[in-house]
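**Student:** A single structure is presented below for examination.
Computed from the coordinates by the stated procedures, all read-outs in this text should not be read as laboratory data. Quick caveat: nothing in here was measured; it's all calculated off a predicted structure. We place every Cβ from the backbone using ideal geometry, glycine too, and count neighbours over all the protein chains shown.
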There are 2 protein chains.
Amino acid sequence: MPKLSQRAERMPASPIRKLVPYAVQARDRGIKIYSLNIGQPDIETPQVGLDALKHIDRKVLEYSPSDGLPSYRNKLVGYYARFGIDLSPENIIVTTGGSEALQLAFPSCINPGDEIIMTEPTYANYISFAMQAGVKVRPIKTDIRNGYALPSVEDFEALIDERTKAILICNPNNPTGYVYTKEEMMRIRDIVKKYDLFLFSDEVYREFHYTDEPYVSALHLEGIEENVVLIDSVSKRYSECGIRIGAVITRNMQLRNAMMKFAQARLSPPLLGQIVAEASLDAPKSYMEGIYEEYIERRNLLVNGLNKIPGVYSPMPNGAFYTMARLPIDDCDRFCEWLLREFSYEGETVMFAPGSGFYTNPEDGRDQVRMAYVLKKEDLARSLVILEKALEAYPGRTER
Amino acid sequence: MPKLSQRAERMPASPIRKLVPYAVQARDRGIKIYSLNIGQPDIETPQVGLDALKHIDRKVLEYSPSDGLPSYRNKLVGYYARFGIDLSPENIIVTTGGSEALQLAFPSCINPGDEIIMTEPTYANYISFAMQAGVKVRPIKTDIRNGYALPSVEDFEALIDERTKAILICNPNNPTGYVYTKEEMMRIRDIVKKYDLFLFSDEVYREFHYTDEPYVSALHLEGIEENVVLIDSVSKRYSECGIRIGAVITRNMQLRNAMMKFAQARLSPPLLGQIVAEASLDAPKSYMEGIYEEYIERRNLLVNGLNKIPGVYSPMPNGAFYTMARLPIDDCDRFCEWLLREFSYEGETVMFAPGSGFYTNPEDGRDQVRMAYVLKKEDLARSLVILEKALEAYPGRTER
């Protein structure tokens, strides 16, 4: 049998999806699972998007252009303008989810062996995509005790050397829910400008922003227009995770042209998803407002509930629909697996994403889990009850 | 401005798509273009597939599992069984087109700097995906004069050393239309077995096979079950290029598990495309038969017509819907660009893919173009007239 590559061995399994086989087995045993592990909202897709599907009258489901349907890219310009982001259609390449946006951007900007700085905990798949591109991740730690605020300039500068090519931020943040303040965004801008780095800014949770502070996009920052690469996706915004439509956006046309060569190699983004995403841009204002209120209530219920459980701590996040929680446990991987394989309370259990997977060094997240508040409030309330019972029963419980 | 990566500079532009901007300009000038450059069939998508779209009654367009919908994978087992290929659903990972199948397989099997042997001319995007994965391509030349038959064992062995990790074949072949004989497939099997290599076999044109010889899939070959990785796609089979649904298939479960880590990082293949592809498996037998006859007629018309033009040669291909043609020209890139920017005949012109892009050394394909016979017969006939006129007018014409 031929030997697999070293990448295949080193590639981490997704902390969000690796427990799926145990969940399948638990369901087969009749256990009901509350899935807080994955950012799959239960919110309905906008009706205008679903209607667009039914009205497709094409006879041939043909390739779209490699950078996406012109009609969709034109309409996206109007979407970004609502947020004070001034773009032209040429700045936008439509991608197969936000995932592919990273798969186009990383190899176009960074040589194998060169480095990217990311705040940690980080979205686990950034680490995977960096590994795929041969790019080295330099994590910069953020701390649960101050809600995962941005580290100081000095902390960044301590990591920057001649191999540093980029900084990646996720804002609002997955997995922490943290939203960068204007002051923090200016801090990032200054570092990017001083060292002439690329700034990858994943802003797929733009609409999930629960403070009165103004939303600051990386594309709002002045003086680094050629450095910024926006990663976007309609997955969360319109509850359209399955259609796999994202975008990679830059005003740097040299970079745009380079990414287009990678985009042309994979031919085109999904046609059907683009049709749905384009129609969804016409979702009524009431659609997003309804979602917004719902998520705030869910967040408050979950985070307040977590902090009432002995030994548990979770900071109140200002955005996205995730929170990290510190639990009184020995090992989050063991705990999350145990929840599915050994535990149940009144025939039910809960599923979380182990915190270890959100750190380059898994040890750093051993006592943490990520929870997505994508379930109805009554299900979140029930999940809190089950978690409390589980922590009482778990053999690896630690004292805090 | 930060510097792009070396990959971004070295990445070749798609020979199939790089001329698109000139085509747009030509259309703006009112020129009608016959597009033989791209494998976008004009054949209609099966009605059962289109109907499935209209009947989607989901309220949330959610993620599918990373390896694809179980119902689709189960049904695919039956599809392959029709070709005498025995699989289980666990052997199949559904991908975002055949493109992504390669993007999962290459990095899982081959270390950066290690080598893959491919017959040349080769599908241009294989070179791109190899570059993305840091894999070195060792081309093995095939010759237009014998219709691009498989080279000898000795020719393969001359390229094999300790860095060689895989052989890639495309069968039926894009861009040549060549179909490997049983004897040639056994030759490949013996080499793969002797040196314990991976064998990537792209068989997306399985149904487009115009000889009475039996179809031999790499998955039919005995003794290399752990070595074979099948690349597949519904794009051409059902004229569903835009839905971006393919598959990567292997009986090597260690490799399957490795590829799943990459698949999980990108979350899931497109949901809507999977629904269409699953329904399309029920297309009536008459659907494929109609297509089959049509393509044989198109092939005969195009290739016979090409060989009647002075100085032009094209071998008669046995499969797919492409043919390579050698033209009496100085430079295929110049010629194809000239066709769009400077030439027209009665307000019309033709678009081909320059042959240079199908070779690792572009010089080797300077006098060739790839043509896809994906247009109606009358349009192909008209394209032949235009080509003949163009070759008479082209300032870079050479003598043959």
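**Student:** I need the inter-copy label distances for A:Glu90: point set 7 Å along Cα to C-beta, values in nm with one decimal, smallest first.
**Tutor:** In nanometres, ordered from closest: 5.3.
**Student:** With the label 7 angstrom out along Cα to Cβ, how close does B:Gly347 come to the same site in each of the other copies, in nm, nearest first?
**Tutor:** Taking the point 7 Å beyond Cα along Cα→Cβ, the inter-copy spacings are 7.3 nm.
**Student:** Just want to confirm a number: the relative contact order over chain B, from Cα pairs under 8 angstrom separated by 6+ residues, in percent. Can you show the working numbers first?
**Tutor:** Numbers: 762 pairs, mean separation 99.7, N = 400.
It comes to 25 percent, rounded to a whole number.
**Student:** Averaging over every viewing direction, what projected area does the convex hull of the Cα atoms of the stretch A:17-164 cover, in nm²?
**Tutor:** If I average the Cα hull's projected area over directions, I get 14.7 nm².
**Student:** Let me ask another. Under 25 Å Cα-Cα from B:Lys389, which lysines qualify once same-chain neighbours fewer than 8 residues away are excluded?
**Tutor:** B:Lys18, B:Lys32, B:Lys308, B:Lys376, B:Lys377
**Student:** Return A:Thr360, A:Thr122 ranked ascending by Cβ neighbour count within 10 Å, so the fewest neighbours appear first. Let's see the in-between values first.
**Tutor:** Working: A:Thr360 18, A:Thr122 25.
Listing A:Thr360, A:Thr122 from fewest to most nearby Cβ atoms yields A:Thr360, A:Thr122.
**Student:** Here's a follow-up. Nearest 20 debye, what's the magnitude of the dipole of chain B about its Cα centre given +1 on Lys and Arg Cβ and -1 on Asp and Glu Cβ?
**Tutor:** On the way: 48 positive and 55 negative charges, 182 e Å.
Result for chain B is approximately 880 debye, rounded to the nearest 20.
**Student:** Further question on the same structure: Taking the simple approach of a point 7 Å from Cα along Cα-to-Cβ for both B:Asn304 and A:Asp57, what is their distance in nm?
**Tutor:** 3.9
**Student:** Show log10 I(q)/I(0) for the stretch B:351-390 at q = 0.20, 0.31 Å⁻¹, two decimals, from a solvent-free Debye sum over equal Cα scatterers.
**Tutor:** -0.66, -0.98
**Student:** Given a Förster distance of 51 angstrom, what is the FRET efficiency for A:Glu293 paired with B:Met288, based on the Cβ-Cβ distance and rounded to 0.05? Can you show the working numbers first?
**Tutor:** Working: r = 52 Å, r/R0 = 1.02.
According to the calculation, E is roughly 0.45.
**Student:** Using Cα-only point scatterers and the Debye equation, what is log10 of I(q)/I(0) for the stretch B:330-400 at each q in 0.16, 0.18, 0.22, 0.25 Å⁻¹, rounded to two decimals?
**Tutor:** With one equal scatterer per Cα and no solvent, log10 I(q)/I(0) is -0.56, -0.71, -1.00, -1.20.
**Student:** Work through the residues other than A:Ile93 whose Cβ is under 10 Å from its Cβ and net out their charges, Lys, Arg +1 and Asp, Glu -1. Walk me through the intermediate numbers first.
**Tutor:** Working: positive: A:Arg73, A:Arg256; negative: A:Asp67, A:Glu90, A:Glu100.
Here the count lands on -1.
**Student:** Note the per residue figure in Å³ for the convex hull of the C-alpha positions in chain A. Display every interim value, and only then the final one.
**Tutor:** On the way: hull volume 65.4 nm³, N = 400.
It is 164 Å³ per residue.
**Student:** Given the stretch A:47-280, what count of lysine pairs have C-alpha atoms under 27 Å apart, with each pair 8 or more places apart or on different chains?
**Tutor:** Step by step, the pairs that qualify in the stretch A:47-280 add up to 22.
**Student:** HN-Hα J couplings of the stretch A:231-245 from phi, Karplus 6.51/-1.76/1.60, θ = phi - 60°, integer Hz, Gly and Pro as x?
**Tutor:** Karplus-based 3J(HN,Hα) across the stretch A:231-245 equals 9, 9, 6, 8, 3, 8, 3, 10, 6, 10, 4, x, 7, 6, 10 Hz.
**Student:** Compute the Rg to Rh ratio over the stretch B:221-356 from the alpha carbon atoms, using the Kirkwood formula for Rh, and round to two decimal places. Could the numbers behind the result be given before it?
**Tutor:** Working: Rg = 20.6 Å, Rh = 19.1 Å.
With Rg and the Kirkwood Rh in hand, the quotient comes to 1.08.
**Student:** In degrees between 0 and 90, to the nearest 10, how far off the longest principal axis of chain B does helix B:70-81 point, with axes built from Cα atoms?
**Tutor:** With both axes taken from Cα atoms, the answer is about 70 degrees.
**Student:** Across 10 Å bins from the origin, how do the percents of Cα pairs in the stretch A:47-280 run, short distances first?
**Tutor:** Over the stretch A:47-280, the share of Cα pairs per 10 Å bin runs 8, 33, 37, 17, 4, 1 percent.
**Student:** Placing +1 at every Lys and Arg Cβ and -1 at every Asp and Glu Cβ, with all other atoms neutral, what dipole size does the stretch A:140-185 have around its Cα centre, in debye to the nearest 20? Mind dumping the intermediate values first?
**Tutor:** Working: 5 positive and 8 negative charges, 49 e Å.
My answer is approximately 240 debye.
**Student:** What distance in nm separates the simple spin-label points at A:Val24 and B:Phe83, each placed 7 Å from Cα in the Cβ direction?
**Tutor:** 2.4
**Student:** Using the 7 Å Cα-to-Cβ label point, sort the distances from A:Met253 to its equivalents in the other copies shortest first and give them in nm to one decimal.
**Tutor:** Here A:Met253 shows inter-copy label distances of 5.5 nm.
**Student:** To continue, here is another question. Per residue Cα convex hull volume for the protein assembly as shown, in cubic angstrom?
**Tutor:** Measuring per residue, one finds 158 Å³ for the Cα hull of the protein assembly as shown.
**Student:** OK, next. Calculate for the protein assembly as shown the 222 nm mean residue ellipticity that helices alone would give, adding -39,500 (n - 2.57) per DSSP H run of length 4 or more and normalising by residue count, nearest 500 deg cm²/dmol. Show your work: numbers first, answer last.
**Tutor:** On the way: 26 runs with 300 residues, N = 800.
Dividing the helical sum by the residues of the protein assembly as shown leaves -11500 deg cm²/dmol.
**Student:** Next up: What is the diffusion coefficient of the stretch A:1-80 in µm²/s, taking the Kirkwood radius over Cα pairs and the Stokes-Einstein relation at 20 °C with a viscosity of 1.002 mPa s? Display every interim value, and only then the final one.
**Tutor:** Working: Rh = 18.3 Å.
In µm²/s, the coefficient is 117.
**Student:** While we're here: If I model a spin label at A:Lys376 and B:Asn146 as a point 7 Å from the Cα along the Cα→Cβ vector, what separation in nanometres do I get?
**Tutor:** That separation, rounded to one decimal, is 7.0 nm.
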